[in-house]
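Below you'll find the structure, written out as structure tokens, and then a few comments.
Every number here is computed from the coordinates shown, using simple stated rules; none is lab data. Bear in mind the structure is a predicted one, so any value in this text is a computation, not a measurement. A quick note on method: Cβ atoms are made from the backbone with ideal geometry, for glycine too, and the neighbour counts reach across all protein chains shown.
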Amino acid sequence: MMEATWLAVVISVPLYLNIWGDSIQAEKDYLLRSFALILLAAWVAKLFCLAGLRIESHGREKAFGSSLHEMPLIIPIIALASVWLLSTALGLSPWLSFWGVWFRRDRICTSLSCLLFFAARARNP
């Protein structure tokens, strides 16, 4: 499901065009955010399934630090998302900083959606 979601994003978002819309970019952002929610739901479901398999298997578990070697960009991703969220929370208008203005809707929510797709693709090759 996760691979199908990011493949759908790669194919559908650049091809999406609504000639009657006000802003092309805002509608593409809505499509990207919708796919990000689907990807997040699939990732959470995968984590629950894997957690259930780990409980049943009683096998030897990997330490958290060993998974960092498998995905070395996780620390910069977390740092970037943390700085974005902190600056949004401490900004003059956190609501506007998170969602964006009404005609563009291109703020941190869209950026976090892109980071989610990057992390999912990097973590699940």
Between Ile74 and Ser111, what length comes free when the chain is fully extended (0.36 nm per residue of separation minus the Cα-Cα distance, one decimal in nm)? 11.7 nm
Ranked by how many other beta carbons lie within 10 Å on average, peptides 83-92, 34-43 from highest: 34-43, 83-92
